[in-house]
Amino acid sequence: MAVSTAGMVARRRFGEALKKVRVDARTAKGAPIKQLDAARAIRRKTIDRVSRFERGAAWPELAELQALLKLYGADIATSVRLETMLEAGTAITETWWQDFEDEFPESLIEFVAYEDSAREITTCTPNILPGLLQTREYGRTLTHYLAKSTAKPQSLDRSVELRARRRDILFKESRPAVEVLIGEAALRQKVGGPDVMLAQLDALLEDAAERGVSFRVIPFGANATLTYTWHMLSFGGSESPVAAFDAMTGMTFRKGLKEVRGLKGFLDDLRDLALSPTDSLGTIESIRKEMSRD
């Protein structure tokens, strides 16, 4: 099991144990202790953070855990056990994406953890470039226009930063093999205007030349094309592959062996529709030349 996924398991076990202590606890008057009571104990106005602890979506700070255990009236043995679980679990998952956990859907953070530990990544996208390969300017423009009614400037900056940090895997000595099956529309849509898109196309060509990213373009002339964005992540060893589908509110996962096997067959069908990697790079270069003349 990859380090990142081992950390997820540890966090979920901790969350279940912490929730059980709260559910079993009672106030001085014998009433159940609710999540809102716990939130107030750690100086929060809503239950969001406590809920994330109990779902295994985030680790508490030690001071937060101690405040909760005091509220629950936990005995010494229980307190030591949970503090030990916290210490051991955070030692496993001291990873860069922890800084983003409270700001993004937990399913997206889970996806980032899988992506970071994958040995092979295949991304399928019809009409936008995948987050892993986006330049900062492309990602900022895309996020701004798709979420301008709800996203605050700080959230936009953090979204751009998250995508940029994800790209670090492409610079590792043991970087994953990355294959991108992409619709031609994604290459022609002038996100951010010609200058931003030209820089983005240059970045794709550089990723191919310098970082071994393999592109398979599904041209407009193909008999069919992609209709949604999704990813296949493989880890090697005994850990099973995971398929992840983009959604408006995060990611959804398919982990069953039968489902993954079927999706691998679908990938083969998509490859049959697409140009070869060599011809795909030629298409990207051709589109870049056309755009530079506009």
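The values are calculated or read from the model by the stated rules, or taken from the named source; none is laboratory data. Computed from a predicted structure; not experimentally measured. Neighbour counts are summed over all protein chains in view; Cβ atoms, including those assigned to glycine, are modelled from backbone coordinates with ideal geometry. Areas reflect the complete protein model, heavy atoms only, side chains present, ligands, DNA and RNA absent. Shrake-Rupley method; radii C 1.70, N 1.55, O 1.52, S 1.80 Å.
Show the residue pairs meeting these rules: Cβ distance below 8 Å; 6+ apart or different chains; first residue within segment 203-220 and under 22 Å from Ala164 (Cβ atoms); second residue outside any strand (DSSP E or B) and of a type in the set (Ser, Thr, Tyr).
Final answer for the pair search is Ala203/Thr135; Phe215/Ser280.
In segment 214-266, which residues are open to solvent by less than 40 Å² (accessible area, probe 1.4 Å), within 23 Å of Leu187 (Cα to Cα) and of a type in the set (S, T, N, Q)?
Those that are open to solvent by less than 40 Å² (accessible area, probe 1.4 Å), within 23 Å of Leu187 (Cα to Cα) and of a type in the set (S, T, N, Q): Ser214, Thr229.
Contact list please: Cβ distance under 6 Å, first residue in segment 226-240 and among the hydrophobic types (A, V, I, L, M, F, W, C), second residue surrounded by 20 or more Cβ atoms within 10 Å (Cβ to Cβ) and assigned to a strand (DSSP E or B), pairs at least six apart or on different chains.
Leu226/Cys124; Leu226/Gly183; Trp230/Cys124; Met232/Thr122; Met232/Ala243; Leu233/Ile121; Leu233/Val242
If Arg163 satisfies all but one of (1) open to solvent by less than 50 Å² (accessible area, probe 1.4 Å); (2) without any contact (Cβ under 8 Å) to a residue 40 or more places away in the chain, what's the number of the condition it fails?
Exception for Arg163: condition (1).
Go through the residues of segment 150-158 one by one and say whether even a single one is surrounded by fewer than 19 Cβ atoms within 10 Å (Cβ to Cβ) and within 18 Å of Val196 (Cα to Cα). Quick ask: steps written out before the conclusion?
Filtering segment 150-158 down to residues surrounded by fewer than 19 Cβ atoms within 10 Å (Cβ to Cβ) leaves 150-158.
From the residues that got through so far, the ones that are within 18 Å of Val196 (Cα to Cα) too are 156-157.
Yes; the residues of segment 150-158 include at least one that is surrounded by fewer than 19 Cβ atoms within 10 Å (Cβ to Cβ) and within 18 Å of Val196 (Cα to Cα).
State the number of residues belonging to segment 110-152 that are aromatic (Phe, Trp, Tyr) and over 13 Å from the mean Cα position of the chain (by Cα).
2
Tyr138: in contact (Cβ under 8 Å) with a residue 24 or more places away in the chain, crowded, with 16+ Cβ neighbours inside 10 Å, under 19 Å from Met248 (Cα atoms) and among the aromatic types (Phe, Trp, Tyr), yes or no? Full working, then the answer.
Working: in contact (Cβ under 8 Å) with a residue 24 or more places away in the chain: yes; crowded, with 16+ Cβ neighbours inside 10 Å: yes; under 19 Å from Met248 (Cα atoms): yes; among the aromatic types (Phe, Trp, Tyr): yes.
Taking the combined requirement at face value, the residue satisfies it.
Would you mind stating whether Ile128 is in contact (Cβ under 8 Å) with a residue 60 or more places away in the chain, within 21 Å of Pro105 (Cβ to Cβ) and of a type in the set (A, V, I, L, M, F, W, C)?
Criteria met by Ile128.
Take Glu184 and tell me if it is open to solvent by less than 80 Å² (accessible area, probe 1.4 Å), modelled with pLDDT of 90 or more and in contact with a strand residue (DSSP E or B) (Cβ under 7 Å, 6 or more places away or on another chain). Show your work before the answer.
Details: open to solvent by less than 80 Å² (accessible area, probe 1.4 Å): yes; modelled with pLDDT of 90 or more: yes; in contact with a strand residue (DSSP E or B) (Cβ under 7 Å, 6 or more places away or on another chain): yes.
Spelling it out, Glu184 is indeed open to solvent by less than 80 Å² (accessible area, probe 1.4 Å), modelled with pLDDT of 90 or more and in contact with a strand residue (DSSP E or B) (Cβ under 7 Å, 6 or more places away or on another chain).
Tell me, which helices (runs of 4 or more DSSP H) wholly within segment 1-118 include 3 or more residues that are surrounded by fewer than 19 Cβ atoms within 10 Å (Cβ to Cβ)? Talk me through it step by step, then tell me what you get.
Details: elements: 3-24, 35-41, 48-55, 62-72, 76-92, 106-117.
So the answer is 3-24, 35-41, 48-55, 62-72, 76-92.
Could you check how many residues of segment 79-122 are in contact with a His (Cβ under 8 Å, 6 or more places away or on another chain) and of a type in the set (Phe, Trp, Tyr)?
The qualifying residues number 1.
For Arg119, only one of the following conditions fails: (1) of a type outside the set (Gly, Ala, Ser); (2) in contact with a helix residue (DSSP H, G or I) (Cβ under 7 Å, 6 or more places away or on another chain); (3) in contact (Cβ under 8 Å) with a residue 24 or more places away in the chain. What is its number?
Every condition holds for Arg119 apart from (2).
Would you say Glu161 is on the phi < 0 side of the Ramachandran plot and assigned to a strand (DSSP E or B)? Steps first, answer last, please.
Working: on the phi < 0 side of the Ramachandran plot: yes; assigned to a strand (DSSP E or B): no.
No.
Among what's in segment 66-109 and is closer than 14 Å to Ala25 by Cβ and touching a residue at least 40 places away in the same chain (Cβ under 8 Å), pick the residue that is nearest to the chain's Cα centre (by Cα). Show your work before the answer.
Residues of segment 66-109 closer than 14 Å to Ala25 by Cβ: 67-75, 78-79, 82.
Of the ones still in play, those that are also touching a residue at least 40 places away in the same chain (Cβ under 8 Å) are 68-69, 71-74, 78, 82.
On the way: Leu68: 29, Leu69: 31, Leu71: 34, Tyr72: 34, Gly73: 37, Ala74: 35, Thr78: 33, Leu82: 28 Å.
Once the filter is applied, the top-ranked residue is Leu82.
Cβ contacts < 8 Å: first residue without any contact (Cβ under 8 Å) to a residue 12 or more places away in the chain, restricted to segment 266-281; second residue open to solvent by less than 70 Å² (accessible area, probe 1.4 Å), any location; separation 6+ or different chain. Result?
Every condition considered, no pair remains.
Being out of contact with any Ser or Thr (no Cβ under 6 Å at 6 or more places or on another chain), buried (at least 21 other Cβ atoms within 10 Å of the Cβ) and over 13 Å from Arg166 (Cβ atoms) is the filter here, so list the residues in segment 119-128 that pass it.
Listed by number, the residues that qualify are Thr122, Cys124.
Out of Asp195, Asp207, report the one residue that is open to solvent by 20 Å² or more (accessible area, probe 1.4 Å) and charged (D, E, K, R). I'd like the intermediate steps shown before the answer.
Values: Asp207 fails: open to solvent by 20 Å² or more (accessible area, probe 1.4 Å).
Of the residues listed, the single one that is open to solvent by 20 Å² or more (accessible area, probe 1.4 Å) and charged (D, E, K, R) is Asp195.
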